[in-house]
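The values are calculated or read from the model by the stated rules, or taken from the named source; none is laboratory data. Remember, it's a predicted structure, so these values are computed and weren't measured experimentally. Ideal geometry is used to build each Cβ from the backbone, glycine not excepted, and the neighbour counts take in all protein chains shown. Each accessible area value is taken on the protein alone, full model and side chains, heavy atoms only, with ligands, DNA and RNA left out. Shrake-Rupley method; radii C 1.70, N 1.55, O 1.52, S 1.80 Å.
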Amino acid sequence: MTNSIGKAINRIGIPTFAVGLLLLVLLITAGVQGQSIPTLLTDILNRVGMNGLLVLAMVPAIKSGTGPNFALPVGIEGGLMALMICMQFDFSGWFLIFTSLLLSVVLCTILGWLYGKLMNAVKGAEMTIATYSGFSIVAFFNIFWLAIPFSNRKMGWMLGNGLRETIQFKNFNASRIISDLLKIEIAGVAIPFGMMLVFALFCFLVWMFFQSKTGMAIFAGGQNPRFAEASGLNIDRNRVIANIISTILAGIGIIIYSQGYGYAQLYNGPLNMAFPAVAAVLVGGATASKASIPNVLIGVCLFQGLMTTAMPVMNQLFTGTDLSDIMRIIIQNGVILYALTKVKSGGDR
Amino acid sequence: MNNWIAKVTGQPSFDLKTWILDHIVTILFWAFIILGLLTAQNLTMDGFFTELCNRFYRNIFLILSLIIPVVAGLGLNFGIVVGAIAGQLAVIAVRYWGIAANEQSFGGLTGFMLMILISLPIAVLIGWLTGTLYNKTKGQEMIASLIVGYFGNGVYQFIVLFVIGAVIPVALSHPMILYDGVGIRMSVDMGSVTYSLDKILQIPFVPFMIGASAVILLFLLWNQFLRKPKADGRSTKLNVLAFAVYTVLCAAVMVYFIIQLVTGSVLNKVRDVPVVLMLVVAVLAVFIKWIMNTKLGQDFRSCGMNQTIAEANGINVNRTRVIATIISTVLAAWGMVIYLQNMGTLNTYTAHNNVGYFSVAAILVGGASVDKATIGQSITGCLLFHAMFILSPEIGKALFGQAALGEYFRTFMVYGVIGLSLGLYVWRANKRAQLKMPEEAASDQTVIAG
Amino acid sequence: MNNGILEFINVGKEYSGHAVLKGINMDVRPGEIHALIGENGAGKSTLMNILFGMPVIHETGGFTGEVRIGGENANIMNPRDAMEAGIGMVHQEFMLIPGFTITENIKLNRETTKSSAMSKIFGKRLETLDHEHMAQDARKALDTMGMDIEEYTRVHGLPVGHMQFVEIAREIDKTGIRFLVFDEPTAVLTESETEHLLDAIRKLAAQGIGIIFISHRLDEIIRLSDRVTVLRDGEWVATEETKNITAAEIARLMVGRALTLDRSETERKISDEEILKVNNLLVNMPGEEVKGVTFSVRKGEVLGIGGLAGQGKLGIANGLMGMYPVVGDVEFKGEKIDVSKTDETLKKGIAFLSEDRKGVGLLLTSPIDLNIAFNAMEVQGKFLKKIGPFTFTDTAAIKANAEKMVKDLDIRCTSIAQNAGALSGGNQQKVCVGKALALDPDLLLVSEPTRGIDIGAKKLILDLLKTLAEEQGMTIIMTSSELAELRSICDRVLIICEGKVAGELSPTDSDEVYGMMMSGMTKEEAIKASMNAGGGPND
């Protein structure tokens, strides 16, 4: 009996099971505490929509064999850059969103190409180098935000040069513009249909891509590089393509995230954004070498669900101390460490 | 049968491009510092040196704690963060009792020694756990050590913010405890432990420098002319050029400081040197040298060079790696205690956060890499790195009119240095591992055979 | 120094029910040089693993029989026991740390230490190294070998020959070394280095050390050894005084006819057109280097490539497919091709069944249908459909193709959606064949097609290849370690030795000739030697 339970847990995956169980306990606690469950669900759905694409960005990178994209900030900065340029021209509303999305695709393609090349040069230590690439690009953009001579007063400091730490979407009539699109309330739960559709659309596109000839080639290269080589595939080129896609998803993801949040966070805002995204896909059952769309969906729901529920529940249980953030730190990094212990050392050489 | 083997003497030829690539980070830092010293406007020499020395005293111990894991093949241990956390837990405990007892029995040097003592078992336990984890993540130790730091931070926060007070009973009125009786406050004052190690014996900076350079000079001369060859017959003598350069440099420094002493320049205003702290660092350096010369040290090196061969020869590789991690963690804990007695305050929730990045960046700037680190590299790295830290706001101000830019720039330097060094290391290792074209491989063979 | 005899008494070993070693009896006397010879898979390495108590033996249920030293059961359960019993080995791959000095390598994990105050408190591991003593020991061991090289030289950058000697010096330095195993020690050495090595081995034997000398070079065995033991297919074949036996006899004993596969001579149409011409092919495949191979294949022919492991036979097909750095002129269907570009080669109509079925041949965690279609899809653009500007996989076509292959090749599976990793070895190999056939190739390169496949399935695979050649006129180059297999379906067999073609044989040539050519003789020498030994070319 215990054996079969153990087997079932192993099949689901220990992180998925543990986080799922914890979420269940928290939800029950929330119910007992008399918290408004519809409000919680509304929050969860909202945050799933905001974070979904950032988690989805992990899939191409993992499938191609470079491992989870710890350099998510590369794409994020690309997206923010696109957003800032469009804001400088004082675009607003849907026009702002669409132009910045388009521009971010262009910028992220360039950044992703460079990043992919870098990943090919450091095979075997991708995760470490990716992390520092992410940190470095954030630090670089810190200088950039401060030095760039953008003149739109909605973005600058009151005094001195450079851009503000947080830039309000409200000033551009674009706050929560996607998040509130087609919002439907059912039983007190506000379902952000527009947002869900956008997320679903991108999931579908990524899934479609991996049904294509190139997508298959990328997948094979990640699963078994020797097999791909014997099939005459250009593995390095495919890894670059995968990382470009991952970077583009991160760029689009941050624009969607920011509009949902209502602010674009510059400077050190993106510094640690890769880790929750990596943790989420791992919670969904992915490993450092295998990931799928269901992993993303399950992961982002469980992880964001946990974070959303934990805050009010914990605050009521232990007033005054912000234990929910500590819980996030422990779970997030615990899950990543667990995944690292499952990485086969030495790679394919 | 004798003498059929030609003596192998080939000296590697000097290649400027390789040399620059090998030392790119150090070169960049020198350039940056020289630029800073030239452009800085509000910087006095005594201010600069005081700041630099202070930072050196505080950090060098932490940086030295990185050496052993590098030698043992674990790479750069970003996980010294958890060592620092062990030190902070000890500091919190001792300060708690110290304040409760009005510093009577837990203040000053006693308090300091108690911190050292209490941090030891905590660091050994944490070191053992992280070492075991590194064994399970072989090949990915560096990313693992980074995440271990984050994970440890979470657990630490849980302890100091919640467990203390909610689980461990504490005095509600204690000034270190938050208002509601649960958790430690944002900052902990080191009280009379501050400078307890530093102030045992302090001597003025300029005479110290004269003395230190004299000692080094004497050592150089002794090494070159009087020292007997090592037991295994190897000579320790430097080549003539290196000897000349070092001697002249050392003499120049000595003469320079003698002049400063005589003319009574501003350098005489530099903060006094805490001799005991320097001695402690010297003892640590000797300890590292000594342990590398024991059987254990040789095992570290064997594991670091090639785990498979070490294992095949009966060395328990995993155990050896755990020991290396434990030593590193304990040294980091002690390093943190030393750091805090010099700082005077513990920022409970943030002090440990950058310990890993800064120490690793510093040792890399000194010329270390994933598989090589020495005491000399730690010292140069510490000086160069912290000189950059002091100068970067000045450069920002001078070049862009914004000090904040300089600060962002220095963050960029920290991450950039680590990224660049590690990236170059892996890139070159991959290049070496790449299979050669058959003709090349064949010609290599004949060169070797002939 | 040595007064015991090393004996293997009725030693056997099974790996999961499959016997790899059966009732081996062999003994090595002190001061004797005992050569051990056999083809790949003859059981040499298993026997040595038993001698050294390697984990691979004891983790898989141990062995039967006994290893005795001086008449007593040696009870060797791990490498440490073997070391303590005075058994040493000079490995084929050097177990040296390049960054260490010669002394440090010789004394690796056996460093001489001095106790100190710290070590008395914290244990032996904190004893300081006694460099002086270590250097002396190293010097002594080097002098025994007649090596005039400073003991504090770093191993990194030493010539290969020197490294071999450092390895030997390390074994000599071990106190009480009684038996020393040399595993193909001359494979990496030049001629003069080999001479010195053989001298050194004689010297060691003269000091009373028993030597087990594993080599494929018959001439070395004849010149050096006192006795020779031949193993074949895990069984003991013979032990003879070397002076009473000729190279030809050893060769015949070594090859034998293990598995008789009938050779049915059906007349096949082999055209005169040379479909593939290879000129001076060099491949840097580690452990299987090809050092200049020239041959050609006619259309419709089945060409065999044989030879011992490590001699480069596997490198040829891998090189032709661009799996490793390769140079050489290759002409396919009258057209020059650049074989370093795998996709070009595949497009031209050459398909490859790798010897590493699981590592290279298949995506183990993907379904059968995708595995079969993959190459044809990526290389030739089959099984694809266009939707707007995008190209997607045509799932229906992939499925239909897989169903057909499963039927044609008789792949036993629950469905085509089953993962390739879940199939048996034989069925995996059939999936690989299906994958190659989906490409419609003109030339099929097949490496070790029956490796790791049980006897029954072996026959099926070979029959399948034969059918392809006979019915579809497919040209096949088959590389195999199993001579019987090559001889059963090939028209000609090339023997590869030390990276070069030693010669071309007919499937009907005698065992001795095969054996001697694999051991580095030319065809003329081999035939002459076999005539002298009384065997005919057609036995």
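A:CYS203 contributes an accessible area of around 10 Å² to the protein surface, as traced by a 1.4 Å probe with all chains present. Over the residues of chain A, the helix contribution to mean residue ellipticity at 222 nm works out to -23000 deg cm²/dmol, using -39500 (n - 2.57) for each DSSP H run of at least 4.
By the helix-only formula, in which each DSSP H run with n ≥ 4 contributes -39500 (n - 2.57) and the sum is divided by residues, chain C has a 222 nm mean residue ellipticity of -10000 deg cm²/dmol. Using a Förster radius of 35 Å, what is the FRET efficiency between B:LEU172 and B:MET343 based on their Cβ-Cβ separation? Nearest 0.05, please. So, using R0 = 35 Å, E works out to roughly 0.80.
Here the contact order of region B:205-271, divided by its residue count and restricted to Cα pairs under 8 Å and six or more residues apart, works out to 54 percent. Among the helices of chain A, those built from whole DSSP H runs whose Cα atoms reach 18 Å or more along their own axis and whose mean Kyte-Doolittle hydropathy is at least -0.5 are A:14-33, A:37-56, A:72-88, A:93-121, A:126-147, A:193-209, A:235-261, A:293-317, A:323-341.
Label point of C:LYS333 set 7 angstrom out along Cα-Cβ; within region C:368-404, amide nitrogens under 14 Å from it belong to C:380.
Cα centroids of region A:256-291 and region A:44-71: 7 Å apart.
Taking the longest Cα principal axis of chain B as reference, the axis of helix B:205-221 is set at about 30 degrees. Aspartates and glutamates near B:LYS295 by alpha-carbon distance under 13 Å, same-chain residues fewer than 8 away left out - which ones? Cα-Cα hits under 13 Å: C:GLU104, C:GLU111, C:GLU127, C:ASP130. Distance from the C-alpha centroid of region C:16-83 to that of region C:442-506: 32 Å, rounded to the whole angstrom. If you take the Cα centroid of region B:126-150 and the Cα centroid of region C:321-360, the two points sit 43 Å apart. When only Cα pairs below 8 angstrom with a gap of at least 6 residues are kept, region C:437-539 shows a relative contact order of 19 percent.
Inter-chain Cβ neighbour count for A:6-15, averaged per residue, equals 0 (cutoff 10 Å, partner chain atoms only). Site pair A:LYS170 and B:GLN434 shows an inter-label distance of 5.5 nm when each label is modelled 7 Å from Cα along Cα→Cβ. Accessible surface ranking for C:GLU7, A:GLU185, 1.4 angstrom probe, highest first: A:GLU185, C:GLU7.
Rounded to the nearest 10 degrees, the inclination of helix C:368-380 to the longest alpha-carbon principal axis of chain C is 80 degrees. Taking the DSSP beta bridges with both ends in the protein assembly as shown, the antiparallel portion is around 65 percent. Under a Cβ-Cβ cut-off of 11 Å, what is the net charge of the residues other than A:ASN171 that fall near it, where Lys and Arg count +1 and Asp and Glu count -1? Around A:ASN171, the surrounding residues sum to +3. The 1.4 Å probe gives accessible areas that order A:LYS213, A:LYS63, largest first, as A:LYS213, A:LYS63. Counting only protein chain heavy atoms and rolling a 1.4 Å probe, the accessible areas of C:PHE374, A:PHE150 rank, largest first, as A:PHE150, C:PHE374.
The accessible-area loss of region A:191-211 on complex formation, taken against its chain alone with a 1.4 Å probe, reaches 20 Å² or more at A:MET208, A:GLN211. Computed from Cα positions, the angle between helix C:425-437 and the longest principal axis of chain C comes to roughly 50 degrees.
Solvent exposure of chain C amounts to 40 Å² per residue of accessible area, where only protein heavy atoms count and the probe is 1.4 Å. On a per residue basis, region B:354-428 carries 31 Å² of accessible surface, using protein heavy atoms and a 1.4 Å probe.
Per residue of C:384-394, other chain Cβ atoms within 10 Å of the residue Cβ number 3 on average. The interface between chain A and chain C buries about 1900 Å² of solvent-accessible area in total (1.4 Å probe, ligands and nucleic acids excluded). Take the accessible area of chain C alone and of chain B alone, subtract that of the pair, and you get about 4200 Å² summed over both chains, using a 1.4 Å probe.
Rolling a 1.4 angstrom probe over the protein heavy atoms with all chains in place gives region B:205-271 an accessible area of 64 Å² per residue.
Across the accessible surface of region B:360-450, with the other protein chains kept in place and a 1.4 Å probe, carbon and sulfur atoms take up 62 percent. With R₀ set to 30 Å, the beta-carbon distance separating A:ILE186 from A:TRP94 gives a calculated FRET efficiency near 0.70. Spherically averaged projected area of the convex hull of Cα atoms, region A:46-271: 12.9 nm².
Peptides C:112-125, C:36-49 ordered by packing proxy, namely the average of other Cβ atoms within 10 Å per residue, highest first: C:36-49, C:112-125.
Residue pairs exceeding 28 angstrom between C-alpha atoms, taken from A:LYS213/C:LYS313; B:LYS436/C:LYS336; B:LYS237/C:LYS124; C:LYS358/C:LYS382: A:LYS213/C:LYS313; B:LYS237/C:LYS124.
Peptides B:324-330, C:192-198, C:94-100 ranked from most to least packed give B:324-330, C:94-100, C:192-198, packing being the mean of other C-beta atoms within 10 angstrom over each peptide's residues. Considering only B:SER192, B:SER65, B:SER265, the Gaussian network model of chain B with Cα springs below 10 Å gives its largest mean-square fluctuation to B:SER265.
In region B:288-332, comparing the full protein assembly with the chain on its own, the residues that lose 30 Å² or more of accessible surface at a 1.4 Å probe are B:TRP290, B:ASN293, B:THR294, B:LYS295, B:LEU296, B:GLN298, B:ARG301, B:SER302, B:MET305, B:ILE309, B:ASN313. Between B:ALA84, B:ALA310, B:ALA361, the GNM of chain B built on Cα springs shorter than 10 angstrom shows B:ALA310 fluctuating the most. Within 10 Å of the Cβ of each residue in B:401-411, the mean number of Cβ atoms contributed by other protein chains is 5. Listed cross-link partners C:LYS277/C:LYS528; A:LYS342/C:LYS13; C:LYS277/C:LYS347 are compared with a 24 Å cut-off, the Cα-Cα value being larger for C:LYS277/C:LYS528; A:LYS342/C:LYS13. Protein heavy-atom surface of region C:170-251, 1.4 angstrom probe: 46% of the accessible area is carbon and sulfur, with nucleic acids and ligands not counted. Normalised by the number of residues in chain C, the mean separation of alpha-carbon contacts (under 8 Å, six or more apart) gives a relative contact order of 14 percent.
Rolling a 1.4 Å probe over the protein heavy atoms leaves C:TRP236 with an accessible area of roughly 110 Å².
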